[in-house]
Amino acid sequence: MKIVGIRDLKENLSAYIDEVQAGESILVTDRGKEAAILSPISSEYRLVRFLETSGKVRWAGGKPLGFSKEIVVADKPLSSTILEERE
């Protein structure tokens, strides 16, 4: 992982964005302290955006709320089934 200061990042932002788009992660420091990480967009994020633009889902950027109905497997809640499988 490359480490750059904020001043260097501001002066060469386009070049660093090119590196991130190529798969490199960059640690940004502010006066020697770690401040942020620039990283490529994840495949999960790309998938959500694809589903959103295709009209299959709506997403406001927050954490998904989950299903409104309980999932039942073999007359038991799915969570119970999963816990039993872990034993």
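Taken together, the values in this text are just the output of simple stated rules run on the coordinates, not laboratory data. As the structure is a computational prediction, the values presented were derived from the model and not from experiment. Please note: Cβ atoms are built from the backbone with ideal geometry, for glycine as well, and neighbour counts cover all protein chains shown.
Compute the angle between helix 43-53 and the longest alpha-carbon principal axis of the chain, please, reported from 0 to 90 degrees and rounded to the nearest 10.
70
Could you tell me which residue out of 43, 53, 78 lies farthest along the dipole of the chain toward its positive end? Charges go on the beta carbon: Lys and Arg +1, Asp and Glu -1, centred on the Cα centre.
Working it through, the farthest residue towards the positive pole turns out to be 53.
If we count every other residue with Cβ under 15 angstrom of residue 35's Cβ, Lys/Arg +1 and Asp/Glu -1, where does the sum land?
On the way: positive: 2, 7, 10, 31, 33; negative: 8, 30, 34.
Net charge around residue 35: +2.
In units of 2.2 N^0.38 Å, what is the alpha-carbon radius of gyration of the chain?
Working: Rg = 20.8 Å, N = 87, 2.2 N^0.38 = 12.0 Å.
The value comes to 1.73.
Pop out the ³J(HN,Hα) list for the stretch 27-40 in order, Karplus 6.51 cos²θ - 1.76 cosθ + 1.60 with θ = phi - 60°, rounded to Hz; leave Gly and Pro as x.
8, 9, 10, 10, 6, x, 9, 5, 10, 6, 10, 9, 9, x
Evaluate the charge dipole of the chain about its Cα centre and quote only its size in Debye, nearest 20, assuming +1 on the Cβ of each Lys and Arg and -1 on the Cβ of each Asp and Glu.
Values: 13 positive and 14 negative charges, 72 e Å.
Dipole of the chain, to the nearest 20 debye: 340 debye.
In a GNM of the chain with a 10 Å cut-off on Cα contacts, which of 48, 72, 57 has the highest mean-square fluctuation?
Comparing 48, 72, 57 in a Gaussian network model of the chain, the most mobile one is 72.
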